[in-house]
Amino acid sequence: MKNLTLLAASTSTQQFLFQIHNSFFAVGFTTRTTFLPNRTTELTPHICCRTKQCRSKAFSTKQELLAALQKQEEEEEEEEEEEEQEAYSDDDTSFLSLSMKPDRSLGLLDDYETEELDFDPNHRSGYVALLGMPNVGKSTLANQMVGQRLSIVTDKPQTTRHRVLCICSGSDYQMILYDTPGVLQEQRHKLDSMMMQNVRSAAVNADCVLILVDACKAPEKIDEVLEGMGDHKDKVPTLLIMNKKDLIKPGEVAKKLEWYTKFTDVDEVIPVSAKYGHGVEDVKNWILSKLPNGPAYFPKDIISEHPERFFVGEIIREKIFLQYRKEIPYVCQVNVLSYKARPNAKDFIQVQILVEKNSQKIVVIGKNGNALKMLATAARLDIEDFLQKKVFLEIQVKVKENWRQDEGFLKHSGYGGQIGVY
């Protein structure tokens, strides 16, 4: 981090000496979280901090100082770009497609594998797409059905960005739930259009579709949600779910249920309260009646194909949504740079939060780093609860201008219908 200190000379000469201190430091907190404040480019006088190393160089004029700053900043930007390119070309990272179903044909299995699979002819399995407008409770319903908190949940719209794969298994069935981002009416960034492509892909690949609506709002057509399903909307069984029924009177539930049954082209309408689990079993039973017979796609003891580092990033993003306001949650991208399991020490996790402007970076870090410290502490506690182990979390904040328009970066970050396998 670079701290600028303006030192005034004696009043008799009325001359100024500009001194730049180059230093890097990590502040360790008692919360077992390491906070790495990043450099800001503002020429702010009277900044002071404790550092491990300090090198000083005096400049006789302000122009010399600014030229040195600009040169050093350009060198650092070049180094950062090289590091990013190395990260993108990391040979240890491969990608698993979420746009194609894995092949489960029994014709490809030999006798031993078929015996090990112990396939029950009455076993049902298939893919289920959860669709709906933002903030209608898709992630809450997915978590209830799986029985574990996989998808992050906040009261802000568009919390879900990725298509989250949730696997719900029983002795005689396996449902693979696609928890999708909320359908956007306006797509202002490349990120928005790629998210909507993932929604359409989930609907096309699904064996049945669940469309969620907010029971608290006036009934409305669901044509916009169905857009992109194409010819499949006439073939794939479709269930409309009226969520948040606990917030309205029973008489209102009955009226809206009747309206949706009459004015929407769905097979059935079921009112639920995903938050409290009311009606979730009815939804499960409906899905099981529509899924085709077949063996499981995945082992019964796993609940998602996403790696642990994916959920680490999602937990941090959830805390950003809960802690910050206005545009900050929507301009933040969380990348897990490193996840090292250490048998004799806490697992080491290095995370990078990207924003689009330096002013946003200042807000994320907060005064004296307090905001980032609070974020890191809250995230670490949830990560440890999710992983059931202690971790050492290190967070950096960097600026990457217009990252929401960078298609290559977005694909590498998992928005192209793929998940990283490390």
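For the range 233-260, enumerate the residues that are of a type in the set (A, V, I, L, M) and not in a strand (DSSP E or B).
236, 247, 248, 253, 254, 257
Here is a list: 330, 324. Which entry is in contact with a Lys or Arg (Cβ under 9 Å, 6 or more places away or on another chain), open to solvent by 10 Å² or more (accessible area, probe 1.4 Å) and under 30 Å from residue 192 (Cα atoms)?
Numbers: 324 fails: in contact with a Lys or Arg (Cβ under 9 Å, 6 or more places away or on another chain).
So the residue among 330, 324 that is in contact with a Lys or Arg (Cβ under 9 Å, 6 or more places away or on another chain), open to solvent by 10 Å² or more (accessible area, probe 1.4 Å) and under 30 Å from residue 192 (Cα atoms) is 330.
Looking only at the range 164-180, how many residues end up being touching a strand residue (DSSP E or B) at 6+ places or on another chain (Cβ under 8 Å) and open to solvent by 10 Å² or more (accessible area, probe 1.4 Å)?
If we filter the range 164-180 for residues that are touching a strand residue (DSSP E or B) at 6+ places or on another chain (Cβ under 8 Å), which is where we start, we get 164-169, 172-180.
Add one more test, that the residue is open to solvent by 10 Å² or more (accessible area, probe 1.4 Å), and what stays is 169, 172-173.
Looking only at that region, the number is 3.
Scanning for something under 24 Å from the mean Cα position of the chain (by Cα), charged (D, E, K, R), open to solvent by 70 Å² or more (accessible area, probe 1.4 Å) and within 23 Å of residue 183 (Cβ to Cβ), does the range 260-274 turn up at least one residue?
no
Name, by its number, the condition in (1) under 19 Å from residue 163 (Cβ atoms); (2) touching a Gly at 6+ places or on another chain (Cβ under 7 Å) that does not hold for residue 241.
Residue 241 satisfies all of (1) under 19 Å from residue 163 (Cβ atoms); (2) touching a Gly at 6+ places or on another chain (Cβ under 7 Å) except (2).
Which one of these is over 17 Å from the mean Cα position of the chain (by Cα), within 26 Å of residue 147 (Cα to Cα) and not in a helix (DSSP H, G or I): 389, 398?
389
Is it fair to say residue 310 is under 30 Å from residue 174 (Cα atoms), touching a Gly at 6+ places or on another chain (Cβ under 8 Å) and touching a residue at least 12 places away in the same chain (Cβ under 8 Å)?
Yes, satisfied.
Among the residues of the range 311-345, which ones are of a type in the set (Lys, Arg) and part of a loop (DSSP other than H, G, I, E, B)? Spell out how you get there, then give the answer.
Within the range 311-345, the subset of a type in the set (Lys, Arg) is 317, 319, 325-326, 340, 342.
Residues satisfying the conditions are 325, 326, 342.
Look through the range 395-409, keep the residues that are over 14 Å from residue 315 (Cα atoms) and touching a strand residue (DSSP E or B) at 6+ places or on another chain (Cβ under 7 Å), and return whichever of them is most open to solvent (accessible area, probe 1.4 Å).
So in the range 395-409, the residues over 14 Å from residue 315 (Cα atoms) come out as 396-409.
Going one step further and asking which of them are touching a strand residue (DSSP E or B) at 6+ places or on another chain (Cβ under 7 Å), we end up with 396-400, 403.
On the way: 396: 40, 397: 0, 398: 29, 399: 56, 400: 33, 403: 0 Å².
It comes out as 399.
Based on this model, can you work out whether residue 385 counts as free of Cβ contacts under 8 Å to residues at least 24 places away in the same chain and under 28 Å from residue 180 (Cα atoms)?
Taking the combined requirement at face value, the residue satisfies it.
Conditions first: (1) touching a helix residue (DSSP H, G or I) at 6+ places or on another chain (Cβ under 7 Å); (2) open to solvent by 10 Å² or more (accessible area, probe 1.4 Å). Residue 240 passes all but one, so which condition is the exception?
(2)
Looking at 349, 320, 316, 383, which one is hydrophobic (A, V, I, L, M, F, W, C), closer than 22 Å to residue 162 by Cβ, touching a Pro at 6+ places or on another chain (Cβ under 7 Å) and at pLDDT 95 or above?
Result: 320 is the single residue among 349, 320, 316, 383 that is hydrophobic (A, V, I, L, M, F, W, C), closer than 22 Å to residue 162 by Cβ, touching a Pro at 6+ places or on another chain (Cβ under 7 Å) and at pLDDT 95 or above.
Name, by its number, the condition in (1) modelled with pLDDT under 95; (2) of a type in the set (Ser, Thr, Tyr); (3) over 30 Å from residue 331 (Cβ atoms) that does not hold for residue 273.
Condition (1) is where residue 273 drops out.
Looking at the range 276-292, which of its residues are part of a helix (DSSP H, G or I), open to solvent by 50 Å² or more (accessible area, probe 1.4 Å) and either free of Cβ contacts under 8 Å to residues at least 40 places away in the same chain or within 19 Å of residue 148 (Cα to Cα) (or both)?
Residues of the range 276-292 part of a helix (DSSP H, G or I): 280-290.
Keeping just the survivors that are open to solvent by 50 Å² or more (accessible area, probe 1.4 Å) gives 281-282, 285, 289-290.
The answer is 281, 282, 285, 289.
Kindly indicate the residue of the range 191-223 that is farther than 21 Å from residue 275 by Cβ and of a type in the set (Asp, Glu) and also modelled with the lowest pLDDT among those meeting that condition.
Within the range 191-223, the match that is modelled with the lowest pLDDT is 223.
Do you know which residues across the range 274-302 are within 14 Å of residue 128 (Cβ to Cβ) and among the basic types (Lys, Arg)?
284, 290
Starting from the range 177-191, take each residue that is small (Gly, Ala, Ser) and list its partners that are part of a loop (DSSP other than H, G, I, E, B), counting only C-beta distances under 8 angstrom and pairs at least six apart or across chains.
182/133; 182/134; 182/135; 182/136; 182/157; 182/158; 182/160
Does at least one position in the range 359-380 carry a residue that is surrounded by 15 or more Cβ atoms within 10 Å (Cβ to Cβ), within 15 Å of the chain's Cα centre (by Cα) and under 19 Å from residue 151 (Cβ atoms)?
yes
Look through 84, 79, 73 and report the one residue that is open to solvent by 80 Å² or more (accessible area, probe 1.4 Å) and either over 21 Å from the mean Cα position of the chain (by Cα) or modelled with pLDDT under 75 (or both).
79
The values are calculated or read from the model by the stated rules, or taken from the named source; none is laboratory data. Here the structure is a predicted model, which is why all the values come from computation and not from measurement. Every residue, glycine among them, receives a Cβ derived from its backbone with ideal geometry; neighbour counts consider all protein chains shown. Remember, those area values only see protein heavy atoms, side chains included, never the ligands or the DNA or RNA. Shrake-Rupley method; radii C 1.70, N 1.55, O 1.52, S 1.80 Å.
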